[in-house]
1. Starting at the first residue of segment 182-193, write each ³J(HN,Hα) from the Karplus equation 6.51 cos²θ - 1.76 cosθ + 1.60 with θ = phi - 60°, in whole Hz, x for Gly and Pro.
2. Just want to confirm a number: the relative contact order over segment 50-135, from Cα pairs under 8 angstrom separated by 6+ residues, in percent.
3. Could you pull out the GluC sites (Glu not before Pro) across segment 70-168 that fall in loop regions by DSSP (anything but H, G, I, E, B) with no more than 14 other Cβ atoms inside 10 Å?
4. Per the 1.4 Å probe, what fraction of the accessible area of segment 52-106, in percent, lies on carbon and sulfur atoms?
5. Across segment 121-135, in residue order, what do the Karplus-derived ³J(HN,Hα) couplings come to in whole Hz, using 6.51 cos²θ - 1.76 cosθ + 1.60 with θ = phi - 60° and x for Gly and Pro?
6. Past 32 Å, Cα to Cα: identify those pairs from Lys72/Lys182; Lys145/Lys188; Lys145/Lys182; Lys89/Lys182; Lys89/Lys188; Lys87/Lys188, in the order given.
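The values are calculated or read from the model by the stated rules, or taken from the named source; none is laboratory data. From a predicted model like this one, the values you see are computed outputs, not experimental measurements. Ideal geometry is used to build each Cβ from the backbone, glycine not excepted, and the neighbour counts take in all protein chains shown. Heads up: the accessible areas ignore ligands, DNA and RNA and are worked out on the full protein's heavy atoms, side chains in. Shrake-Rupley method; radii C 1.70, N 1.55, O 1.52, S 1.80 Å.
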Amino acid sequence: MKPRLVAAAVSAVAVVAFAGGCNSDPEAPPQIPAPGAAADATGQTQAPPADLSDPAVAWAEQVCTAVEQGGKKLSEFPAVDPNDPAKTKQAMLDYLQRISDTLGELSAGISAAGEPPVDDGAAAVDAALTRIDDLRGALSNAREKLSSVEASDPVAFQTALAEIGPELEGLNTTEGPTTDLKANPELKDAFAQAPACRRVEGV
């Protein structure tokens, strides 16, 4: 049972990647400095100072701050104990709900930031909010399936995990709502400058 339990937990954790809580890969090749960037004494590229007086950069900073806060709330992963299926089931249910709640808070944070002060900004926000709704829908379906089975029935429990695992794993292919926001060229530039966005993306 343990491999399937772990797979389901990892799949659930993978959903959090849309909030951007990933670190840069230590094995990644050196990046070519962007125009205006400079290297410090250690050779690390330093971004040019962010201009938070720019309305678009300030908007991106507000949104990425919400993303960053959401990632911190999800830093405690569910406890997976193959010797205690009931405890594992409840931990998974709680964690899936916590992800959904955090996504809801992120949606509210994006909405609270208002319409981005860029061309076609409203369309980018609509796409991001739709993606969040889709993510929450998939999480709700997974949680409902898991909740409906008895943890004391190993076969039924494993079957439920086998069913929800691929559903959640499918969400691992999405980078989340920031992808839709950054599809807008002006917002992409603003995200590249905002300090909170750079922290979220591990830059």
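1. 6, 5, 7, x, 5, 6, 4, 5, 5, 5, 5, 9
2. Relative contact order comes out at 31 percent.
3. Here the GluC sites (Glu not before Pro) that fit, given the DSSP loop and packing criteria, are Glu76, Glu150.
4. 50 percent
5. x, 4, 5, 5, 5, 4, 5, 5, 5, 5, 4, 4, 4, 5, 4
6. Over 32 Å apart, Cα to Cα: Lys145/Lys188; Lys145/Lys182; Lys89/Lys182; Lys89/Lys188; Lys87/Lys188.
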